[in-house]
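Contents: one structure, followed by commentary.
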Amino acid sequence: MSEKQTQLKVSAIKDGTVLDHIPAQSIFQVIDILDLAHAANPITIGSNLESKTLGRKGIIKIADRFFEDAELSRIALAAPDATVNVIKDYEVVQKKKIELPETIVGIAKCSNPMCVTNHQSIPTRFSTVVDHKKVKLLCHYCEKTTEEFIPLGH
Ligand code: CTP
Ligand code: ZN
């Protein structure tokens, strides 16, 4: 580090989960997917922080909350390279990567305007396919492939 770091940009937490290395533009999608707007836990959010690898990154610290892997895997589309840090008594006791789930229910929108999920209130359902390191979504209903992640409601 070239400059002397005098303070953490976002305070350390005693117990809970730190989601790090979130692409800056995806931080609010992650908040949405994990429904953090309705959580009662203390949450600190750092947006557009400097990162050596990502240029700018986001970080979300959720105190006193520990997530199931299945719950965390829901953020794979928005933040595939995020790091999950489990904090207990101020120490990082576990560090893991997000795993891409085989199927994604809800969360993403089908890019096919004719798809039934865009006309009736049916939850979207996709199989994930990794092609040249990019995640593609294969719609269970119309069998079309969606190349980019479009959050529901967009
Ligand atoms: N952290 C925290 N509270 C703690 C301990 C750690 O909020 N009590 C946060 C740190 O600020 C950091 C993340 O958890 O954002 C991971 O901590 P650590 O592994 O110590 O940092 P790095 O080595 O920079 O992580 P990485 O190698 O994953 O970039
Ligand atoms: Zn479809």
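Going down the table (Lys14/Lys134; Lys95/Lys144; Lys57/Lys134; Lys88/Lys133; Lys14/Lys133), which pairs top 28 Å between alpha carbons?
In this structure, Lys14/Lys134; Lys95/Lys144; Lys88/Lys133; Lys14/Lys133 lie more than 28 Å apart at Cα.
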* Any idea of Glu147's accessible area? Nearest 10 Å², probe 1.4 Å. -> 90 Å²
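Please work out how much length the chain gains when fully extended from Leu54 to His154, using 0.36 nm per residue of separation minus the C-alpha to C-alpha distance, in nm with one decimal. It would help to have the intermediate numbers written out before the result.
On the way: separation 100, 0.36 × 100 = 36.00 nm, distance 2.53 nm.
Gain on stretching Leu54 to His154: 33.5 nm.
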* What is the set of long-range amide H partners of Lys144 at a cut-off below 5 Å, with H atoms built 1.01 Å from backbone N? -> Cys139
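Keeping all protein chains in place, calculate the accessible area per residue for the chain (probe 1.4 angstrom), answer in Å². Intermediate results must be reported in sequence, preceding the final value.
Numbers: 9810 Å² over 154 residues.
I get 64 Å² per residue for the chain.
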* **Lys88-Glu68 pseudo-label distance in nm [points 7 Å out on the Cα-to-Cβ vector]** => 2.0 nm
* Carbon and sulfur atoms: what percent of the 1.4 Å accessible area of the chain do they account for? -> 50 percent
* Any chance you could list P(r) for segment 16-97, counting all Cα-Cα pairs in 5 angstrom bins from zero, rounded to whole %? => 3, 16, 29, 28, 19, 6, 0
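What order do Ser111, Ser26 take when sorted by accessible area (1.4 Å probe), most exposed first?
Largest accessible area first, the residues go Ser111, Ser26.
How much length, in nm to one decimal, is gained on full extension between Glu99 and Thr128, taken as 0.36 nm per residue of separation minus their Cα-Cα distance? Mind dumping the intermediate values first?
On the way: separation 29, 0.36 × 29 = 10.44 nm, distance 1.15 nm.
Full-extension gain reported as 9.3 nm.
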* Taking the C-alpha atoms of the chain, how large are the radius of gyration and the largest Cα-Cα span, Dmax, in Å? -> 17.0, 56
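The values are calculated or read from the model by the stated rules, or taken from the named source; none is laboratory data. From a predicted model like this one, the values you see are computed outputs, not experimental measurements. Please note: Cβ atoms are built from the backbone with ideal geometry, for glycine as well, and neighbour counts cover all protein chains shown. Heads up: the accessible areas ignore ligands, DNA and RNA and are worked out on the full protein's heavy atoms, side chains in. Shrake-Rupley method; radii C 1.70, N 1.55, O 1.52, S 1.80 Å.
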